[in-house]
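Read through the structure below, which is laid out as structure tokens, and then see the notes.
The values are calculated or read from the model by the stated rules, or taken from the named source; none is laboratory data. Quick caveat: nothing in here was measured; it's all calculated off a predicted structure. Cβ: placed from backbone, ideal geometry, glycine included. Neighbour counts: every protein chain shown. The accessibility values were calculated without ligands, DNA or RNA, using every heavy atom of the protein model including side chains. Shrake-Rupley method; radii C 1.70, N 1.55, O 1.52, S 1.80 Å.
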Amino acid sequence: MSNIPVIETRKLSIGYAKGATLNKEINLQLFEGKLTALLGPNGAGKSTLLRTLCGFQPAIEGYILLSNRLLSNYSQRELSQTVGVVLTEKTNAGGITVKEMVSLGRQPYTGFFGRLSAEDTRIVEESIEVVGISYKTNDHISRLSDGERQKAMIAKVLAQQCPIIILDEPTAFLDITSKIEIMLLLKKMASEQNKTILLSTHDLGITLQISDNLLLMKQKQSIISGIPKTLISDGTVSTFFSNEKVWFDAETGKFKGSRYP
């Protein structure tokens with residue numbers, strides 16, 4: 001693996017205007033082959049940070065580098081071949097099949113009206129197989145469960161063949177089994193395909209067990225970065241998530257309090 005960060009920020013400020021800055025002085029380094037989870041309360045700016053990193057909205061100040069190159073220097077086509085994005089919203093593309101949805105991931109290479117070559121088709125089929133829904137290839141998206149639909153969206157970004165994948169709350173609508181399946185799938189993709197994967201989530205328990213790195217984010221505070229084991233053992237996780245009613249027990253890995261015996 002390379003020692004050059006795949007995603008790097010320098011003195012990054014995010015928000016919607018200088019008078020509405022959510023966070024500033026963000027300095028991050030994310031590397032290939034790692035699954036990084038971004039956690040924090042609602043309103044902390046998690047989605048804003050993700051949108052800024054993938055170029056969906058401009059930074060207020062500072063710099064973003066992808067593979068040691070300024071994000072601002074990427075063309076739209078280059079960016080679509082570098083960063084794959086899965087957003088929180090459920091897709092409304094219920095009238096197309098899984099294969100058709102995943103095939104859209106090849107648009108950065110074929111163009112909007114481009115025909116799929118034999119190689120494109122192979123990549124699409126392989127992407128569907130990797131996420132484990134080959135048995136749904138010809139089913140319409142509207143007929144899938146929430147977990148299967150999310151796997152189809154992940155297959156689509158896999159078909160883009162991007163080194164970076166950014167996901168905003170990919171497990172938000174899933175049951176506990178599907179949440180674990182998706183997190184394990186992303187972990188496997190990162191390690192076996194050397195992807196740099198960054199996702200936001202509220203699923204702390206699953207995240208602590210599966211992710212390689214954590215980013216802990218609160219509005220107008222410095223982002224805390226580290227590996228889960230270290231952040232648990234040094235009390236950072238407990239301090240970050242606990243309050244006078246609820247606290248995190250590092251020994252059991254569970255929350256306790258008046259509502260969590």
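With protein chains left intact and a 1.4 Å probe, residues in the chain average 51 Å² of accessible area per residue.
The rule of thumb for compact globular proteins, 2.2 N^0.38 Å, goes into the C-alpha radius of gyration of the stretch 1-67 1.11 times. For the stretch 118-261, with all protein chains in place and a probe radius of 1.4 Å, 49% of the accessible heavy-atom surface sits on carbon or sulfur.
The angle between the Cα long axis of helix 176-193 and the main principal axis of the chain comes to about 70°, on a 0 to 90 degree scale.
Here are some pairs, LYS136/LYS195; LYS188/LYS256; LYS156/LYS229; LYS24/LYS245; LYS195/LYS256; LYS179/LYS256; which of them have Cα atoms lying more than 28 Å apart in this structure? Going by Cα-Cα distance, LYS188/LYS256; LYS156/LYS229; LYS24/LYS245; LYS195/LYS256 fall outside the 28 Å limit.
Label-to-label distance, LYS11 versus TYR63, with points set 7 angstrom from Cα along the beta-carbon direction: 1.0 nm. Distance between the 7 Å Cα→Cβ label points at SER72 and GLN107: 2.7 nm. Taking a straight Cα-Cα cut-off under 18 Å and skipping sequence neighbours fewer than 8 places away in the same chain, the aspartates and glutamates within cross-link reach of LYS99 are GLU119, ASP120, GLU125, GLU126, GLU129, ASP139, ASP146, GLU148. Against the main long axis of the alpha-carbon atoms of the chain, helix 146-159 sits at an angle near 70°. Distance between the modelled labels on LYS24 and THR230, one decimal in nanometres: 2.8 nm (7 Å Cα→Cβ projection). Over the chain, all Cα pairs binned in 5 Å intervals from 0 give whole-percent P(r) values of 1, 6, 13, 16, 18, 16, 13, 9, 5, 2, 1, 0, listed from short to long.
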